[in-house]
Amino acid sequence: MTTYKEATINPKFQWVAFDLRNLRQCNGTYDEYDDVPPLPNPKVVDLEDVHSPTACYLLNESYQTRDEGENPDGTLFDLGPATAVVGDQTIQLNPFYNDQQTCVTWYTGSDGKVYHAFRAWEFTYCAASLAEFTTRIKLEAELWFALNKYSREELENGREDFSAQEWAYIEYYLSKDPTDNPNIKYHNAI
């Protein structure tokens, strides 16, 4: 395991995720979004219970294998802790959640925030807390599967199929015009 030093942190919020059919586009496996719905009262969710559309998994203490065995594609990637400085603050970053192809790895910071990395040890702020991160991951994974039944126009008729939290998320995106909003269109595809 390698410990990386002199990593950089982009302190501007950017959520990295997959598309949400008919609500938020993605030009690849992942895209970065700087406009996502607020999450009232996030709670820590066990990511082992989340069915990830992109086959993400929790890392164990070795940072190289899944808790239940090898990476799905049989390779081991050199993931490890990092140290980064933002302003006058030094932040220790530890990887904890990974995409099956290591397109994106998520890290917890010693400052309590969550960061993602996909560009040669450049970390980007993506959640104010682990609770916010896990709540959003779970919610978006559930929506990804559920939204496949509906066109954008049909969503209102399926409202009863969604929880109040899911519907608030859907309404947030429905209130935006995807043809005019640069935060919903394709950009920075990974």
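Rounded, prolate or oblate, given the Cα gyration tensor of the stretch 4-174, with a/c below 1.5 counting as rounded? Spell out each step's value before the answer.
Numbers: a/c = 2.07, a/b = 1.57, b/c = 1.32.
It comes out prolate by the Cα gyration axes.
Using the number of other C-beta atoms within 10 angstrom as an exposure proxy, rank ARG24, ARG136 with the fewest first. Before the final figure, lay out the partial values.
Working: ARG24 26, ARG136 21.
Least to most surrounded, the residues fall as ARG136, ARG24.
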> So for the pair GLU61, ASP177, with labels modelled 7 Å out along Cα→Cβ, what separation do we get in nm?
Replying inline: 5.6 nm
> What residues qualify as long-range amide H neighbours of ALA17, i.e. H under 5 Å apart, gap of 5 or more or another chain, H built at 1.01 Å from N?
Replying inline: ASP31, TYR33
>> Taking θ = phi - 60°, what integer Hz values does the Karplus form 6.51 cos²θ - 1.76 cosθ + 1.60 yield along the stretch 29-39, in sequence order, with x for Gly and Pro?
In response: 5, 10, 9, 9, 10, 9, 9, 10, x, x, 10
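Since every read-out is calculated from the coordinates, none of them should be taken as a lab result. Computed from a prediction, not measured in an experiment: that's the story for all the values here. When we count neighbours, we look across all protein chains shown, and the Cβ atoms used for this are built from the backbone with ideal geometry, even at glycine.
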